[in-house]
Amino acid sequence: MRGRSGEVYPRDRQRHLFSAAARADQCASLRTLGVIGAMPARSDISDKVIHFTRGATSEDALGCLLTIVGEGRLIGGNGMIRGGYRCVCFTEAPLPALAGGFVNADSFTRYSPFGLMFDKAWVFARGGRPVIYQPDGDFDALPDDIRWRHVRYDPLGPSPINFTWEREWRIQTDSLVFSPADAAIVVPDESWEAFVRDIWDSQQDLESESYSTLFEQTIVEQLRDPFPWRMVRLS
């Protein structure tokens with residue numbers, strides 16, 4: 001048996017290579033390198049996906065996000081999805097690539113810098129998959145049960161179509177239910193994070209005021225809920 005560099009392994013070394021302990025060592029090494037298990041420590045790869053909201057203004061986009069958070073679910077849509085499949089969409093673009101916003105090379109975007117971030121494995125376990133970028137002519141060649149993953153890609157046409165910069169993932173579903181344990185709120189920067197926390201504190205103040213007519217102040221303070229969400233800033 002020869003190694004990758006061409007050297008010949010003796011038989012006792014060959015037996016060691018295929019032993020259970022050796023395989024465990026190899027798996028551990030692969031995990032360290034990011035080949036299996038955890039994602040590799042590369043700035044162009046992420047083990048997260050993000051659903052970004054839209055809005056005419058930043059305030060509108062944040063309002064949409066807070067509505068989603070309040071309901072604890074993302075509603076599937078079928079806009080620009082061939083076949084009319086209802087899906088919840090995400091991007092797997094890593095955070096370092098999003099400091100300037102979720103935009104393409106021409107600074108074009110359809111999204112705001114507000115959203116929800118999930119573990120990619122969590123989304124995968126619920127049926128999420130990366131889309132398939134391909135010409136429209138390849139759509140019919142796809143099995144029926146994965147056609148919802150099709151995204152048109154035509155860089156050679158008279159009007160090139162290329163949304164690969166979105167690095168899209170989808171879940172085919174009418175709605176995706178989640179809790180604060182499943183997601184983190186994504187905001188543009190520290191000032192927007194403080195604003196979201198202030199909104200929460202104001203809501204708690206209003207509830208405390210209504211409780212104050214019924215309970216002593218010490219009990220009212222105990223009834224205040226701590227902010228339950230993790231926060232992630234793009235910059």
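No other residue among 126, 110, 149 is basic (Lys, Arg) and modelled with pLDDT under 95 apart from 110. Scanning region 44-68 for residues that are over 17 Å from residue 233 (Cβ atoms), of a type outside the set (Lys, Arg) and surrounded by fewer than 16 Cβ atoms within 10 Å (Cβ to Cβ) turns up 44, 45, 47, 55, 56, 57, 59, 60, 63, 67.
Of the residues making up region 69-84, those that are in contact with a His (Cβ under 9 Å, 6 or more places away or on another chain) and either surrounded by fewer than 19 Cβ atoms within 10 Å (Cβ to Cβ) or basic (Lys, Arg) (or both) number 2. Out of curiosity, is residue 156 in a helix (DSSP H, G or I), more than 26 Å from the chain's Cα centre (by Cα) and over 19 Å from residue 71 (Cα atoms)? Criteria not met by residue 156.
Looking for something closer than 16 Å to residue 126 by Cβ and part of a strand (DSSP E or B) - is there at least one such residue anywhere in region 59-73?
yes
Candidates are the residues of region 199-235 that are in a loop (DSSP other than H, G, I, E, B) and either among the β-branched types (Val, Ile, Thr) or under 21 Å from residue 100 (Cβ atoms) (or both); the one that is modelled with the highest pLDDT is 234. Exactly one residue out of 177, 196, 187 is surrounded by fewer than 17 Cβ atoms within 10 Å (Cβ to Cβ), closer than 18 Å to residue 50 by Cβ, at pLDDT 95 or above and not charged (D, E, K, R): that is 177.
Of the residues 108, 124, only one is at negative phi and part of a loop (DSSP other than H, G, I, E, B); which? Answer to the check: 108.
One line per residue, one yes/no per condition, for (1) free of Cβ contacts under 8 Å to residues at least 40 places away in the same chain; (2) of a type outside the set (Gly, Ala, Ser):
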site: 129; (1), (2): no, yes
site: 134; (1), (2): yes, yes
site: 153; (1), (2): yes, yes
site: 164; (1), (2): yes, yes
site: 167; (1), (2): no, yes
site: 183; (1), (2): no, no
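The number of residues in region 104-116 that are in contact (Cβ under 8 Å) with a residue 12 or more places away in the chain and surrounded by fewer than 20 Cβ atoms within 10 Å (Cβ to Cβ) comes to 4.
The values are calculated or read from the model by the stated rules, or taken from the named source; none is laboratory data. Everything numeric in this text was worked out from a predicted model, so none of it was measured. All Cβ positions, even for glycine, are placed from backbone atoms using ideal geometry, and neighbour counts span all protein chains on display.
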